[in-house]
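A.B. asks: Right, I'll just put the structure down here and ask away after.
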Amino acid sequence: MERFHGKTIVVTGASSGIGEGIARRFAAEGANVVLAARRKDRLDALAAELGAQRTLAVATDVTQPEEVEAAIQATVDRFGGIDVLVSNAGVGLGKEFEETTLADWRLIMSTDVDSCFFGAQAALPHLKLSQGTIIAIASASGLGGDRKLSAYNAAKGAVVNFTRGLAFDLGQFGIRVNTVAPSLTVNDEQAAIPEYGRLIERFNERRAMSGYATPADIAGAVTFLASDDARFITGTVLPVDGGITAGSGQPDLF
């Protein structure tokens with residue numbers, strides 16, 4: 001199935017984890033995929049694997065607006081436009097609040113929140129032309145609270161409400177804006193590590209479904225929201241969390 005043949009997708013934070021999974025899924029469905037992240041070596045390896053003809057790797061620090069603008073311009077120069085922006089880049093930090101420094105706070109806010117703002121502004125002229133879509137990756141942590149993650153909770157909550165508001169601002173241009181909110185997401189190799197296994201067990205105590213989400217699960221939700229099947233869906237937050245946000249919230253992580 002090639003729902004995105006001829007479409008151009010920009011994925012930030014694409015060098016590993018959820019971002020890599022999203023990039024792989026779009027590539028498998030025929031899209032031109034632009035990989036944006038700091039680790040150029042990882043991006044180059046992934047681009048080579050996905051195929052150079054329909055893939056572009058751009059080293060990008062998403063906390064710097066000029067670098068985000070450069071990545072968007074490189075996308076347009078290579079592929080002629082943009083149809084989907086996936087703002088996935090993010091960072092978290094587990095600390096007691098009294099130990100959280102101003103530098104910690106600013107790192108999380110700049111990486112998780114500012115990057116969404118920079119990406120949307122840089123891509124907007126091109127998304128107007130394509131009547132494209134923006135999908136931000138927030139977190140179940142943005143829909144509730146977790147111990148030792150106050151800054152991360154605040155950042156992901158800001159992503160959720162930023163994209164809700166953006167949906168109203170950009171709907172007049174035919175641009176849809178949605179958010180995917182994962183909980184713990186690991187690959188199968190990580191799940192086999194005892195530390196991750198114990199964490200998964202703690203999550204399973206709180207959610208409706210047992211097991212764990214993989215990057216492919218998050219990618220499935222993202223590609224649905226980017227597809228024509230979701231043509232009348234905007235301003236929504238789609239949890240991909242096995243039911244954690246339907247219950248009493250996430251477990252204490254640290």
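A.B. asks: Residue 181: touching a Leu at 6+ places or on another chain (Cβ under 7 Å), closer than 20 Å to residue 120 by Cα and among the small types (Gly, Ala, Ser), yes or no?
C.D. replies: In short, yes.
A.B. asks: Pick from 176, 164: which is surrounded by fewer than 19 Cβ atoms within 10 Å (Cβ to Cβ) and closer than 15 Å to residue 225 by Cβ?
C.D. replies: Unique residue meeting the criteria: 164.
A.B. asks: Enumerate the pairs (first residue in the range 1-23 and of a type in the set (S, T, N, Q); second residue anywhere and part of a loop (DSSP other than H, G, I, E, B) and surrounded by fewer than 24 Cβ atoms within 10 Å (Cβ to Cβ)) with beta-carbon separation below 7 Å, excluding pairs fewer than 6 apart on the same chain, so at least 6 apart or on different chains.
C.D. replies: Here the result reads 8/81; 8/83; 15/39, each pair linking the range 1-23 to a residue that is part of a loop (DSSP other than H, G, I, E, B) and surrounded by fewer than 24 Cβ atoms within 10 Å (Cβ to Cβ).
A.B. asks: Within the range 185-199, is there a residue that is without any contact (Cβ under 8 Å) to a residue 12 or more places away in the chain and either in contact with a strand residue (DSSP E or B) (Cβ under 9 Å, 6 or more places away or on another chain) or within 28 Å of residue 124 (Cβ to Cβ) (or both)?
C.D. replies: Scanning the range 185-199, I find no residue that is without any contact (Cβ under 8 Å) to a residue 12 or more places away in the chain and either in contact with a strand residue (DSSP E or B) (Cβ under 9 Å, 6 or more places away or on another chain) or within 28 Å of residue 124 (Cβ to Cβ) (or both), so the answer is no.
A.B. asks: Restrict the check to the range 5-16 and report whether at least one residue is over 14 Å from the mean Cα position of the chain (by Cα), buried (at least 19 other Cβ atoms within 10 Å of the Cβ) and not β-branched (Val, Ile, Thr).
C.D. replies: Yes, the range 5-16 has at least one match.
A.B. asks: Does the range 214-228 contain at least one residue that is more than 20 Å from the chain's Cα centre (by Cα) and of a type in the set (D, E, K, R)?
C.D. replies: Among the residues of the range 214-228, not one is more than 20 Å from the chain's Cα centre (by Cα) and of a type in the set (D, E, K, R), which makes the answer no.
A.B. asks: Okay, next question. If the Cβ limit is 8 Å and pairs must be 6+ apart or interchain, which residue in the range 46-70 that is crowded, with 19+ Cβ neighbours inside 10 Å pairs with which residue that is modelled with pLDDT under 95 and part of a helix (DSSP H, G or I)?
C.D. replies: 57/40
A.B. asks: Tell me which residues, restricted to the range 114-139, are touching a Gly at 6+ places or on another chain (Cβ under 9 Å), over 15 Å from residue 177 (Cα atoms) and surrounded by fewer than 24 Cβ atoms within 10 Å (Cβ to Cβ).
C.D. replies: Scanning the range 114-139 gives a single hit, 129.
A.B. asks: Looking at this structure, is residue 30 surrounded by fewer than 18 Cβ atoms within 10 Å (Cβ to Cβ), over 26 Å from residue 149 (Cβ atoms) and in contact with a Ser or Thr (Cβ under 8 Å, 6 or more places away or on another chain)?
C.D. replies: no
A.B. asks: Quick check on my filter: what residues within the range 7-31 are modelled with pLDDT of 95 or more and out of contact with any strand residue (DSSP E or B) (no Cβ under 7 Å at 6 or more places or on another chain)?
C.D. replies: 20, 21, 24, 25, 28, 29, 30
A.B. asks: Six or more apart or on different chains, Cβ under 6 Å: which pairs go from a residue in the range 72-100 that's within 24 Å of residue 221 (Cα to Cα) and acidic (Asp, Glu) to one that's modelled with pLDDT of 95 or more and part of a helix (DSSP H, G or I)? Could you list them?
C.D. replies: The qualifying pairs are 83/130.
A.B. asks: Cβ contacts < 6 Å: first residue more than 11 Å from residue 179 (Cα to Cα), restricted to the range 226-244; second residue of a type in the set (Gly, Ala, Ser), any location; separation 6+ or different chain. Result?
C.D. replies: From residues that are more than 11 Å from residue 179 (Cα to Cα), the pairs are 241/140; 241/183; 243/208; 244/140; 244/183.
The values are calculated or read from the model by the stated rules, or taken from the named source; none is laboratory data. Please read these numbers as outputs of a predicted model, since none were measured by experiment. Glycine also receives a Cβ, built like all others from the backbone with ideal geometry; neighbour counts cover every protein chain displayed.
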